[in-house]
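Step one of this worksheet: look at the structure below.
The values are calculated or read from the model by the stated rules, or taken from the named source; none is laboratory data. The structure presented is a predicted model; accordingly, all values stated were derived computationally and were not measured. Backbone-built Cβ (ideal geometry, glycine too); neighbour counts: all protein chains shown.
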Amino acid sequence: MNIEVLLFARLRELVGHDRVVVQRQELLTVRDVWDGLRAQYPQVEGFGKSLLVSVNHEFAVWDTAVKEGDELAFFPPVSGGEETPLAT
Amino acid sequence: VIQIIRSPIQIESLVNQLRQPEDGAVVVFDGIVRNHSLGRETLYLEYESYEPMALKKMEEIETSARSRWPVNRIGIVHRLGRLEIGEASVAIVVTSAHRKAAFEACQYVIDTLKKTVPIWKKEFFVDGEVWVEGEVPAGRG
């Protein structure tokens, strides 16, 4: 299964792309997509401590279910923000 | 009025567009690029956004503000791209019959926007650049 992932701000610069396709045999949750991204782009290792994620434009968590066709985005906390990042 | 734009924010035309005869109060918040950050001299800023989600979150903030205060019109405009010192990055306009609701709703809108709308800024200094990221709450991460 392929899933397209959008990246923003410092995470986008770290990876060098604003969208990437994560390929996994089986994708179930946000955590699986992040693991796939980490496997393809090891430089994002460590970023998980201050990470936000959205699925279809809503804030999501590690266990949020993901299916093909969903719009997934990973990004840093917003600039003025206190939105609780994903706990690792 | 909810907008994300790449040109200078026209605050006066936004106010004129929103105000109506029944308004007794118009509160305007202008968020400005300042010339320093943590003791360093800022040259300029760049803003980027996850636009579809940002617009959705801005609409949710408007709905939420309307449910809490008796306001008439709400305008939220954020600018993206490169901004120079002194330029407005965000403008909030709230109109209401009486000032208390407009003041409180305006503060709520800008405070909530800064926490939940996916917009990021990068500060450029003489000797480097840095992404400004929100705090990781204590005990998390």
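Among the residues making up segment B:48-58, those that are more than 7 Å from chain A (Cβ to nearest Cβ) and either among the hydroxyl-bearing types (Ser, Thr, Tyr) or crowded, with 21+ Cβ neighbours inside 10 Å (or both) are B:SER49, B:ALA54, B:LYS57, B:MET58.
Against the test of being free of Cβ contacts under 8 Å to residues at least 60 places away in the same chain and polar (S, T, N, Q), the options B:THR95, B:THR116 yield a single qualifying residue, B:THR116.
Taken together, B:ILE4, B:ILE9 contain a single residue that is touching an Asp or Glu at 6+ places or on another chain (Cβ under 7 Å) and either in a strand (DSSP E or B) or modelled with pLDDT of 95 or more (or both), which is B:ILE4. What do you reckon, is B:ALA65 over 24 Å from A:PHE75 (Cβ atoms) and part of a helix (DSSP H, G or I)? When the stated conditions are applied, B:ALA65 passes them. Here B:ILE61 passes the criteria (1) touching a residue at least 24 places away in the same chain (Cβ under 8 Å); (2) more than 14 Å from chain A (Cβ to nearest Cβ) except the one numbered (2). Out of B:ALA138, B:ALA91, B:ALA102, one residue alone is at pLDDT below 95 and not basic (Lys, Arg). It is B:ALA138. Filter segment B:71-120 down to residues that are among the charged types (D, E, K, R) and under 13 Å from the mean Cα position of the chain (by Cα) and give me whichever is surrounded by the fewest Cβ atoms within 10 Å (Cβ to Cβ). Out of the qualifying residues, it is B:ASP111.
Residue selection: B:THR112 fails the criterion of being part of a strand (DSSP E or B) and polar (S, T, N, Q). The C-beta contact set for segment B:1-24 (first residue of a type in the set (Lys, Arg), second residue part of a loop (DSSP other than H, G, I, E, B), distance under 6 angstrom, 6+ apart or interchain) comprises B:ARG6/B:LEU80.
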